[in-house]
Each structure stands twice: as C-alpha cells, then as structure tokens.
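Undergrad: One structure, pasted below without further comment.
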Amino acid sequence: MTQYPIAVIVGSLRRDSFNRQLADGMAKLAPPEFSFKQVQIGDLPLYNQDDDANQSVAVKRLKSEISAAAGLLFVSAEYNRSIPGVLKNAIDQASRPYGQSVWGGKPTGIIGVSLGAIGTSLAQQHLRNILAYLDVPTMGQPEAFLQAREGLFDASGNIGEPSLKFLQNWMDHYVAWVKKHSA
C-alpha cells in the first residue's frame, strides 16, 4: 500500500491554537495510509535574501520536511483579513533562493478556523493566490471556512459531532486530491 506523508503547516504559533487543534482532529479523519506531521515554523528567521547562500538550520529542516512530503495541508488562522506573517515567512523561506522552491507540485488542501463569522475565507483566498504562483496544485472544492464554536471539538480533541460529517467529506476529497496529484 502506498504511503502518503503529509506536511502540515499550521499558521498559528499559539500553544492552544484552534488551528493546531483542527490539524490534529483532521488527521484522525484520514485513512491509515496517510500520516500527518506538523512542521515547525516558529523558529524560522525572518526572510532576508542576503541569507539565500547560507540558509539557517531551521530553514534547511523546513525545506527537507516539505520535500519529503507527498502532499501539504495548510491549517491557518486569519489575521487582519489575510494570512499570518509567520506563515508568509515560512512560504518565502521554503521558496528561496529563486529557482529552488520546494513547494511546487505538492498537492495541497487549505482549511482554517477563526472566531469570526466568515471563518478564514480571506486568508484562504490570499494563500491560494500565493500557492498558484508557486505552482502548488490546490484543492478548490469543497471549501471549509470554520467558525470556532462550542462542539467543533469534543473533550478528546476529535472533531465534534456537529461538524463531523462536513469535515469527513472535506477530508475524503482531500485524500482523493492527494492521490490524484502526488508523484
């Protein structure tokens, strides 16, 4: 059976992040041939083109983990109607130096949760624009813009019953997307 290691990029550094919880809960909805590893982005230096010739250990680790993945899962908050700065920094780091991006060709899903009524819709749209430039095949449907509400997660950190059918459907589509587009 083919294995599908998935690099999960959580666009929030907060210890009790709803998006980290969502990433953990979504991983439990995938079939056993899919494994999910959250890659660390909080220790990356700010991107500076002067460092392209001598990237830090943290940047090399990020690029290695992305390269080894069969697919990507972005699970991100929305900050000020866009993606968090830490996420943009990670994207920039792993796409540089020019011509040495590790993002291209990796089948990707985007999902996120926030307190706001529109979930993470604008952040997801901005992220889709960035990923399109980086040649990342991104699942278009179904979309999932989640609002953090009571019952989204159960006491064990699983996806709660009110959202389970919807998010299982999202995961089923994501699994098919990765299988279709992975090399």
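Each value in this text was obtained by applying a stated rule to the coordinates, not by laboratory testing. Note that this is a predicted model, so its numbers are computed, not measured. Every residue, glycine among them, receives a Cβ derived from its backbone with ideal geometry; neighbour counts consider all protein chains shown.
Undergrad: Please give the FRET efficiency for E150 paired with Q40, using the beta carbon to beta carbon distance and R0 = 25 Å, rounded to the nearest 0.05.
TA: My answer for the efficiency is 0.25.
Undergrad: Could I have the simple spin-label model distance between Q100 and K165, label points 7 Å from Cα toward Cβ, reported in nm to one decimal?
TA: 5.0 nm
Undergrad: Pairs of alpha-carbon atoms within less than 8 angstrom and 6+ residues apart define the contacts here; what relative contact order does the chain have, in percent? Before the final figure, lay out each step's value.
TA: Details: 323 pairs, mean separation 44.9, N = 183.
Taking the mean separation of contacting Cα pairs over the length of the chain, I get 25 percent.
Undergrad: Where both residues lie in the chain, what percent of DSSP beta bridges are antiparallel, nearest 5?
TA: About 10 percent, rounded to the nearest 5.
Undergrad: Can you give me the distance in nm between label points at K28 and T2, each placed 7 Å from the Cα along the Cα-to-Cβ direction?
TA: About 2.8 nm separates the two model spin labels.
Undergrad: Go through Q147, Q3, L115 and say which Cα lies farthest out towards the positive end of the charge dipole of the chain; charges sit on Cβ, +1 for Lys and Arg, -1 for Asp and Glu.
TA: Farthest along the dipole direction, towards plus: Q3.
Undergrad: Right, next: Classify region 55-97: rounded, prolate or oblate, from the alpha-carbon gyration tensor (a ≥ b ≥ c, eigenvalue square roots; a/c under 1.5 rounded; otherwise prolate if a/b is larger than b/c)?
TA: Working: a/c = 2.78, a/b = 1.51, b/c = 1.84.
Here region 55-97 falls in the oblate category.
Undergrad: Report the FRET efficiency, 1/(1 + (r/R0)^6), for E143 and K60, where r is their Cβ-Cβ distance and R0 is 22 Å, rounded to 0.05.
TA: Details: r = 33 Å, r/R0 = 1.52.
The formula returns an efficiency of 0.05 here.
Undergrad: Starting with the highest mean, order 52-62, 23-33, 84-94 by the number of other Cβ atoms within 10 Å, averaged over the residues of each peptide.
TA: 84-94, 23-33, 52-62
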